[in-house]
Amino acid sequence: MSKLSYISPEGLRIDGRRANELRRINVEMGVFNRADGSAYYEQGNTKIIAAVYGPREISVSGKGVFDRAIVKCEFSTSSFSTTERKPQQKTKGDRVTTEIANLVKQAFESTIQTHLYPRSQINIYLQVLQSDGGLKAAAINASTLALIDAGISMKDFVCACSTSCIDGIAVLDLNNIEERSGGPDCLLSIQPQLGGVISLNMDSKVPQDLFESVLELGEKGCKKIFLILSDYVKRYSSNLISNQIKN
Amino acid sequence: MDNNNNLNNISIEIFSPQKRLPLKHTSLPSINSGNKIKQESNLKSEEDGDDTNNKDMVMLNVDEIKGEEYDDNELFQSKRLVIPGQTISREGEYLKGHGTFNNGNSLVASVCGTLDKVDRLISVKALKSRYHGEVGDIIVGRITEITSKRWKVDVNSRLDYILMLSAINLPGGIQRRRTSADELQMRSFFVENDLVYAEVQMVMGDGSVAIHTRNQKYGKLQNGHFTKVIPSLIKRSKQHFYNLECGVDVILGINGYIWIADSEQQRNQQQFIQKHEKEPSFDPSIPLIIPDQIKTISKESRDRIARVKNSISLLEKGFLLIHQKSIMNVYKLSLKMNLQSKDLLHPQYIKQILTVLSTALYNNDDDDDDDDENGQ
């Protein structure tokens with residue numbers, strides 16, 4: 001078995017991107033009627049939908065907090081989302097999905113102004129339609145859009161992007177094949193306008209001399225994603241309101 | 001791993017740099033002069049090398065060029081619309097209202113929506129959000145739970161509102177103290193999943209809200225159609241109960257819950273209930289069963305109700321304000337177009353009707369409604 005070369009001598013990756021390129025991002029807001037807020041997020045071949053319900057009455061009585069809202073997140077992958085079909089019961093509740101659900105929950109507990117909604121709960125439901133790497137980042141970005149659609153008060157967007165280093169080169173936005181390269185998968189999520197880091201997760205150690213460049217690349221990726229998302233949010237909201245203003 | 005190797009080979013074949021450059025640039029959308037410079041610098045940076053210039057990541061992305069067009073969006077430039085995290089003012093000359101927060105010295109928006117400035121107070125109203133009650137609001141709600149001396153009512157808010165036993169009109173309109181017997185037969189007044197038409201009575205200090213139905217017109221809603229819209233599309237006005245000219249009653253709850261029913265049937269039902277309550281043998285503990293001949297609604301009325309419902313849904317899809325006039329505008333337009341009420345929500349017709357509505361000079365001002373509030 002020969003070693004797979006992830007970056008060609010010309011500096012191109014397996015899917016033809018350069019080390020510092022994102023995959024194509026496609027988003028849509030307000031995809032569900034019944035949810036308070038919803039979004040569809042597509043980054044390359046990774047496709048994910050998010051639905052937000054709330055703030056609403058606590059579902060389990062006694063679990064409420066008197067001075068703020070609680071955020072709950074449920075993450076599940078569709079059985080048809082990967083190359084090999086998974087039985088339905090395995091798509092929920094395993095280690096990876098709980099990890100991502102907790103990551104999203106923590107990211108938004110600090111960003112949503114929960115003190116405005118005492119004794120209520122906010123539910124975020126995430127469903128992966130197609131999985132091609134960068135699920136954590138896609139989950140966070142999709143949730144941001146859905147929460148904005150629901151009109152929930154947030155300090156800022158939360159934009160996330162995965163980076164890694166392969167063969168000593170910092171690489172942005174890994175796809176599924178690159179994620180299995182064994183390089184450190186480093187997830188950075190930031191508040192792009194206020195300028196704070198929400199989380200920085202690493203699967204394994206990043207070499208010290210590369211860490212700076214990995215982090216810098218990740219930040220640039222997040223900011224780029226923010227531009228795309230905010231453009232869409234602006235377009236979507238001015239589209240909605242345009243009918244009212246005309247009259 | 002064989003599989004992956006194949007993939008690798010394939011990708012190298014397709015994306016050799018010589019082939020890649022023209023591919024990339026033919027795929028760029030029609031570019032104006034401002035972006036041409038960018039494109040050139042884009043070319044340069046690609047020639048310079050791959051990972052030295054981080055900027056080319058930004059440049060190479062096709063979306064970037066698209067994105068700049070929307071930055072020119074006048075609504076956002078004039079700051080009539082804001083996004084979460086957007087700084088509204090830096091000097092601290094404004095006061096913080098709803099939908100904003102202070103970050104250091106600057107005022108920052110926390111929701112995506114329209115900016116309202118009243119004197120020095122700045123607030124941002126989200127395009128879509130849950131209902132937030134104020135005293136005197138007329139709402140439609142659904143009973144979710146019965147606890148001691150109170151019902152909990154879902155009104156599309158962040159908490160269930162409270163309907164106290166002492167805040168309802170007892171059947172028959174008897175004025176007396178609520179006894180423990182009443183407490184035990186609360187289910188004979190309202191049960192879970194009943195719809196109630198009510199008014200916000202008071203907002204308590206801890207944020208919970210009490211509602212009441214102590215008026216002849218308020219109370220249980222039955223034999224009609226319930227629908228739900230985005231609360232921000234319904235504006236507070238003098239009146240939320242309408243007898244539309246097509247013989248349909250509509251209650252537009254400020255919380256976005258809407259009740260649609262047939263006028264004539266509702267009138268008969270009301271009379272029946274009142275008559276029943278005046279009978280000497282009347283016992284409030286026995287739930288009233290409305291006979292079928294009073295419950296029946298003719299096929300034509302059902303069709304009218306469906307048409308009104310679909311008109312409301314269509315207005316919601318177009319994000320237009322929902323009030324008596326706008327509903328009737330859509331209603332009449334759909335009749336003029338000879339549409340069946342079931343076809344009203346076909347994507348093609350939605351588009352057609354919305355265009356007509358936006359071009360025709362429909363006066364959507366909230367002027368005085370001449371319909372007087374009868375019924376109930």
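Throughout, read-outs are computed from the coordinates displayed, never taken from laboratory work. Bear in mind that the values here come from a model prediction, so they are computed numbers and not experimental data. We place every Cβ from the backbone using ideal geometry, glycine too, and count neighbours over all the protein chains shown.
How fast does the stretch B:133-174 diffuse by Stokes-Einstein, in µm²/s, taking the Kirkwood radius from C-alpha pairs at 37 °C and 0.692 mPa s? Calculated translational D: 290 µm²/s.
Working note: Cα atoms of the stretch A:73-133, range along each principal axis, descending, whole Å: 44, 21, 18.
Here chain A yields Rg over Rh of 0.99, to two decimals, using C-alpha coordinates and the Kirkwood radius. Between A:Phe211 and B:Lys332, the modelled label-to-label distance comes to 7.2 nm, taking each label 7 Å out from Cα in the direction of the beta carbon. Taking a span of 20 Å or more along the helix axis (Cα atoms) and a mean Kyte-Doolittle hydropathy of at least 1.0 as the rule, the DSSP H helices of chain A that qualify are A:135-149. Can you compute the FRET efficiency between A:Ser8 and A:Arg180 using 1/(1 + (r/R0)^6), with r the Cβ-Cβ distance and R0 = 22 Å? Round to the nearest 0.05. About 0.80, to the nearest 0.05.
Computed from the C-beta positions of A:Ser61 and A:Ser110, the FRET efficiency with R₀ = 22 Å rounds to 0.25.
In whole Å, what is the distance between the alpha-carbon centres of the stretch B:128-194 and the stretch B:310-358? For the stretch B:128-194 versus the stretch B:310-358, the Cα centre distance is 34 Å. Of the trypsin sites (Lys or Arg not before Pro) found in the stretch A:59-155, the ones in coil according to DSSP and having at most 11 other Cβ atoms within 10 Å of their Cβ are A:Lys63, A:Arg85.
Estimated from the Cβ-Cβ distance and a Förster radius of 30 angstrom, the FRET efficiency linking B:Lys220 and B:Thr296 is about 0.95. The GluC sites (Glu not before Pro) found in the stretch A:67-125 that occupy coil by DSSP, while having at most 15 further C-beta atoms within 10 Å, are A:Glu84. Among the listed pairs B:Lys125/B:Lys351; B:Lys117/B:Lys152; A:Lys224/B:Lys128, those with a Cα-Cα distance over 32 Å are B:Lys117/B:Lys152.
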